[in-house]
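Read through the structure below, which is laid out as structure tokens, and then see the notes.
Each value in this text was obtained by applying a stated rule to the coordinates, not by laboratory testing. Since we're looking at a predicted model, the values are computed, not measured. All Cβ positions, glycine included, derive from the backbone under ideal geometry; neighbour counts span all protein chains shown.
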Amino acid sequence: MRVLVSLLSGVIFGLGLMVSGMTDTQKVRGFLDVFGAWDPTLIFVLGGAVLPMVVAWRVAAKRKTSPMGEAYPGKPSTRLDGKLVLGALLFGVGWGLGGFCPGPAMASLSYGGWGGLVFVVAMFAGMAIERRLA
């Protein structure tokens, strides 16, 4: 059952990314170009993601287990360190240069195109290199 719920969640997430325009690299670059031809429409995507999560976090805080019966993970660290800052910087640079972040890049694989494939291969290579360096 867990695999089916995961698959369904992934499909809904991917469709949402495609419908919202997050897989359109030109739209993403337009959103990030705040000093040029700024396209603010992706703010609605952000709001559409953050607002339901606020509700979900409040509901989850009152429960001991997930709807699938598993324990919730512990709270992540709130410590701001060099690794977090460097990771955020690299993520932002990659997002700005490529017009993709990991979720939309994976969703873009469903409709073809070399850009998404190259990004995903580079993303996995970067993760493998980081594991070796860590």
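Observations, loosely collected:
- Check on Arg131, closer than 24 Å to Gly16 by Cβ, more than 19 Å from the chain's Cα centre (by Cα), assigned to a helix (DSSP H, G or I) and not aliphatic (A, V, I, L, M): no
- Odd one out for Met68 among (1) of a type outside the set (D, E, K, R); (2) in a loop (DSSP other than H, G, I, E, B); (3) without any contact (Cβ under 8 Å) to a residue 40 or more places away in the chain: (3)
- Residue within region 76-84 that is within 19 Å of the chain's Cα centre (by Cα), within 23 Å of Gly10 (Cα to Cα) and not aromatic (Phe, Trp, Tyr) present: yes
- Looking across Leu117, Leu89, one residue alone is within 24 Å of Gly21 (Cβ to Cβ), of a type in the set (A, V, I, L, M, F, W, C) and surrounded by 10 or more Cβ atoms within 10 Å (Cβ to Cβ). It is Leu117.
- Region 26-65, residues that are farther than 30 Å from Gly98 by Cα and part of a loop (DSSP other than H, G, I, E, B): Lys62, Arg63, Lys64
- Residue that is farther than 22 Å from Gly14 by Cβ and either β-branched (Val, Ile, Thr) or in contact (Cβ under 8 Å) with a residue 24 or more places away in the chain (or both), where the choices are Gly96, Gly92: Gly96
- In region 1-11, the residues that are surrounded by 10 or more Cβ atoms within 10 Å (Cβ to Cβ) and among the hydrophobic types (A, V, I, L, M, F, W, C): Val5, Leu7, Leu8, Val11
- Only one entry of Gly21, Gly30, Gly16 meets the criterion of being on the phi > 0 side of the Ramachandran plot and not charged (D, E, K, R), and that entry is Gly21.
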